[in-house]
Amino acid sequence: MSDIKNKTIFALIWNGLDKFGANIIYLILGIVLARLLSPNDYGVMGILSIFTVFAGTIIDSGLGIALIRKKEVTEEDYNSIFYFNLIVCLLLYILLWMVAPSIAYFFNKQELTVLARVGFTVLLVNALGSIQQTKLTKEIDFKNKTIANMLSLFVGGVFGIAAAFNDFGVWSLIIQMISGAIVKTIFVWYISDWRPKLLFSLQSIKEMLSFSLSILGASIVNLIYLNSYSFIIGRLFSLSALGYYSQGTKWSDMFVNSLGGIFQSSTLTVFSAIQDNKDQLIRSYRKMMRLAAFITFPLLLGLAFFARPIVMVMLSTKWEQSIIYIQLLSSIGIVTVFSVLNQNFATIAGKSALLFRIEIWKLFFSFVAIAITYRYGILMIVYGLAATRLFVYVATTWIVGRIVDYRLNLQIKDIVPYFGISLIAGFFSLLTVHFFDNYLVQMLLGGTLFIIIYIAIVRISGSKIFSDLFEFLTSNKRD
């Protein structure tokens with residue numbers, strides 16, 4: 001077994017434990033908090049998240065990816081970016097502190113002023129541990145990265161639940177976010193031997209900014225695209241309506257971001273090492289696309305199929321209005337995972353400028369879709385979001401097709417079998433649970449049948465990616 005294959009699978013396994021293990025913690029804690037808090041609380045937090053995510057992206061400036069991609073990184077590089085991030089973070093926090101009253105006025109929620117000023121301190125905490133986290137990724141130390149993420153989620157969740165039980169309301173979510181960030185930063189400082197030194201080079205910053213600015217631009221445009229929907233819903237509709245939409249995005253993004261993050265983190269480091277060998281790169285990339293399809297289709301379609309019993313059992317009837325958003329966003333989230341893989345491949349190939357142009361067009365189509373659909377309600381806005389995401393997938397596939405001979409028809413040929421198998425498994429499992437009125441039975445029995453039928457058909461069909469994965473796991477046991 002090749003060294004690249006070993007590294008890829010090792011990275012995937014630890015990234016899988018990170019994303020899905022962390023999501024199990026996130027899910028359990030989120031269920032408890034959703035039962036204790038109101039849709040309005042989640043709507044307020046959704047507004048704060050818009051600004052927090054934007055600021056975090058600007059602070060990083062794409063320099064984290066630039067460090068990972070750079071083959072020879074010096075101590076001067078690490079220190080220069082550390083201080084650069086910290087300075088940008090302090091300036092942004094001061095700016096956000098000043099505009100907090102305007103944010104509260106715009107959304108007609110006066111308590112947002114103090115909530116924002118306290119909540120935005122999470123940016124300072126995250127900036128202090130940014131280099132250590134980047135080094136974990138660059139050194140393919142996904143084990144410690146996984147521990148850091150899961151520990152911060154658990155501790156933050158415990159603090160948040162304790163606050164919610166004591167009627168802190170939306171402050172519970174603020175406490176959860178900040179305490180989790182503090183724990184993660186302390187942990188990465190503890191396990192890492194890197195410490196900042198009095199070194200700084202503008203040349204080092206300029207060198208990496210030349211690569212990272214396109215990534216930063218694409219990331220900012222992507223964030224405008226993603227958060228424009230929450231922004232519009234929070235402004236034109238009620239905060240409770242934003243809370244239902246946020247709960248829907250939370251459940252779908254839990255899987256979409258986990259899957260995208262697993263494949264992005266795993267491939268960026270490993271594929272960067274073979275970026276000069278185009279034949280090996282494309283072979284590995286096609287295998288990754290098939291593996292992504294094998295995992296993505298059943299997870300996200302399964303969530304869409306059983307969204308109603310999941311919500312009614314886990315979150316209670318007060319979140320029933322979020323069901324349709326979970327179904328739609330998880331279904332269209334499938335193409336988002338493949339878009340992330342395509343974008344990652346283009347980044348490795350040095351086509352970040354093309355990606356930026358795609359992001360600009362995506363933002364344009366997004367605004368057009370919102371302008372057409374907003375007057376017809378939130379559901380039509382989500383349909384417009386779905387159409388835009390389909391455009392992004394086709395566009396990123398076109399970019400990959402320009403780099404190597406792996407065009408849309410070949411991608412569809414690689415991934416569509418798993419789509420068909422997921423539909424068959426979903427049809428028969430839903431048909432079976434249709435005869436039961438109990439939501440708990442529908443969730444447990446339906447989910448179990450769906451998994452069994454899916455795996456059985458994959459095994460019978462002799463899927464190559466499934467066989468490769470099974471062979472790797474059994475060979476590791478023998479070793």
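Throughout, read-outs are computed from the coordinates displayed, never taken from laboratory work. Remember, it's a predicted structure, so these values are computed and weren't measured experimentally. Note: ideal-geometry Cβ built from the backbone for every residue, glycine included; neighbour counts use all protein chains shown.
When ranked by the protection proxy of mean other Cβ atoms within 10 Å per residue, highest first, what sequence do the peptides 284-293, 190-199, 374-383 form?
The peptides rank, most packed first, as 284-293, 374-383, 190-199.
Exceeding 18 Å between C-alpha atoms, which entries from my cross-link table qualify? They are LYS184/LYS206; LYS362/LYS413; LYS71/LYS135; LYS71/LYS138; LYS71/LYS145.
As for pairs spanning more than 18 Å Cα to Cα, those are LYS184/LYS206; LYS362/LYS413; LYS71/LYS145.
With no solvent and one point on each alpha carbon, what is the Debye value of log10 I(q)/I(0) for the stretch 390-437 at q = 0.15, 0.20, 0.23, 0.27 Å⁻¹?
Relative scattering, expressed as log10 I(q)/I(0), comes to -0.56, -0.71, -0.81, -0.93.
Against the 2.2 N^0.38 Å scaling, with N counting residues, where does the stretch 299-387 land? I'd like the Cα-based Rg ratio to two decimal places.
Working it through for the stretch 299-387, the quotient is 1.35.
Per q in 0.16, 0.27 Å⁻¹, report the Debye log10 I(q)/I(0) for the stretch 36-111, using one uniform scatterer on each alpha carbon and no solvent.
One equal scatterer on each Cα of the stretch 36-111 leads to -0.71, -1.24.
At what distance in nm do the modelled label points of ILE360 and ARG375 sit from each other, each positioned 7 Å from its Cα along Cα→Cβ?
A separation of 3.0 nm, rounded to one decimal place.
If all Cα-Cα distances of the stretch 3-478 are sorted into 20 Å bins from 0 onward, what percent lands in each bin, rounded to whole numbers?
P(r) over the stretch 3-478, rounded to whole percents: 22, 60, 18, 0.
For ILE460 and LYS413, FRET efficiency with R0 = 22 Å and r from the beta-carbon atoms, rounded to 0.05?
It comes out at approximately 0.65.
With r as the distance between the Cβ atoms of ILE28 and THR432 and R0 = 25 Å, compute the FRET efficiency 1/(1 + (r/R0)^6) and round to 0.05.
So the FRET efficiency works out to roughly 0.35.
Under 13 Å from a point placed 7 Å out from the Cα of ILE87 along the Cα-to-Cβ direction: which residues of the stretch 177-203 have their backbone N that close?
Flagged as within label range: 199-203.
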